[in-house]
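To keep things clear, I will list the structure first and then write my remarks on it.
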Amino acid sequence: MWLYVSLLSFGIAAFLFVWFIILGGGGVADALEERAEQLGQLSRGYDGLMADFGKKMAGLSDMQVDISQHVLNSKKDDFVECLHRIQNSPEKLGSADADTVLAEPFRKFVKLWLNAFEECSMNPLEEPLKVLLPKEGRGESAELDACKSLTEISEKMIELLAPVKIEFVEIPEEERGKRGSVWFIHED
């Protein structure tokens, strides 16, 4: 008896389930289909946002590199301007003989500055930005060591540094100097 009641209960439950799916299932299937479409739209929207976010992050990175290049070039230009002032008026750094007396400490300062400047390269470890190059068995600083006065050191450094431009990455000419929010940069 117990077995008949269990089978009858199972049969009624199965009948009700099938009846619900067949007769009332159209609404459920439509609702599931509608939810699947909404989920697809959300997924496409998310993918579009993530692609846009990636572009914005790349733009921010490029902008940071561009700003860094600009700042370092500005520092180099300031140093060249300082060298011009020293070249034109070395006596303003002390007495009339400051041009020769201060040559050695100034040379050491310039060498330290050049050591820091070497890191302003796309690949500073393997290809540092060297302004003083070795010549025929002489050391890197032979050109600078040959200078005996502030005026000569300044003149040599101006000659070597003035044409140098710091670039970490190659930025297309039309993008250089572009300032403002990266959020308004559109890539086609």
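Can you tell me the FRET efficiency between A162 and K108 if r is taken as the Cβ-Cβ distance and R0 is 25 Å, rounded to the nearest 0.05? Write out the running numbers ahead of the final one.
Working: r = 22 Å, r/R0 = 0.88.
Computed FRET efficiency for A162 and K108: 0.70.
Which of the residue pairs K56/K76; K108/K130; K75/K108 have a Cα-Cα distance greater than 28 Å in the structure shown?
On the way: K56/K76 30 Å; K108/K130 16 Å; K75/K108 19 Å.
Those over the limit are K56/K76.
If I stretch the segment between Y46 and D77 completely, what's the gain in nm (0.36 nm per residue apart, minus their alpha carbon distance), one decimal? Before the final figure, lay out each step's value.
Values: separation 31, 0.36 × 31 = 11.16 nm, distance 4.60 nm.
Between Y46 and D77, full extension yields 6.6 nm more.
Estimate the FRET efficiency between I67 and K148 by the formula 1/(1 + (r/R0)^6), using the beta-carbon distance for r and 35 Å for R0, to the nearest 0.05.
After rounding to 0.05, the efficiency reads 0.35.
What length, rounded to one decimal in nm, is gained on full extension from S121 through to R35, with 0.36 nm per residue of separation minus their alpha-carbon distance?
Fully extending the segment from S121 to R35 adds 25.5 nm.
Taken together, the values in this text are just the output of simple stated rules run on the coordinates, not laboratory data. Nothing here was measured: the structure is a model prediction, and the numbers come from that model. Note that each Cβ is placed from the backbone with ideal geometry, even for glycine, and that neighbours are counted across all protein chains shown.
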